[in-house]
Amino acid sequence: MPVARRGPDAMVLGPTKGIVIREAHFPGRAPIDAYGNGGFRFADMSHRGSLLLLPSGIHGWQMTEDEPLTVESLAKVIADADGIEVLLVGTGSRLRPIPAPVKEALRAAGISSDPMGTGAAVRTYNIMLAEQRAVAAALIAV
């Protein structure tokens, strides 16, 4: 049976493996072209769900507006801290504060954090990325 590959969420078909769905990952930095309807458009692609925009690339993020931000939910950000000075946290359709333990963990990794609605976070990220600043974003889909 042939192998079929498609996009960053490549599905691999094989005679004994069935379908394998890989973690959503775009290995580069790109501005966000659009957001809404539960997802984002960037680099001529679309992604349904939340995103982490890190120096290592754009990653799918299992986070919704109903879930609390935790140190564990931002572990990938902390692991990629070397290239990040500022983390913009798009908290969804409404502004939510970043819990103190999360702010402390980010600060300990040398990252300052700024919560804002997802729309504002997208716009600010695009500007800072264009300025080649050491920015990352955690964007909850709206």
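Just so it is clear, none of the values below were taken in a lab; they were calculated from the coordinates. Please read all numbers here as calculations on a predicted model, not as lab measurements. Using ideal geometry, Cβ is built from the backbone for each residue, glycine included, and neighbour counts are taken over all protein chains shown.
Debye-formula intensities of segment 25-139, expressed as log10 I(q)/I(0) at q = 0.11, 0.14, 0.19 Å⁻¹, are -0.29, -0.48, -0.95 (one equal scatterer per alpha-carbon, no solvent). Only one residue of Gly39, Val77, His25 has its Cα farthest out toward the positive end of the dipole of segment 25-139, where Lys and Arg carry +1 and Asp and Glu -1 on Cβ, and that residue is Gly39. Across segment 97-113, rounded Karplus estimates of 3J(HN,Hα) from the backbone phi angles (6.51 cos²θ - 1.76 cosθ + 1.60, θ = phi - 60°) give x, 7, x, 3, x, 6, 4, 5, 5, 5, 4, 4, 8, x, 10, 8, 10 Hz, Gly and Pro being marked x.
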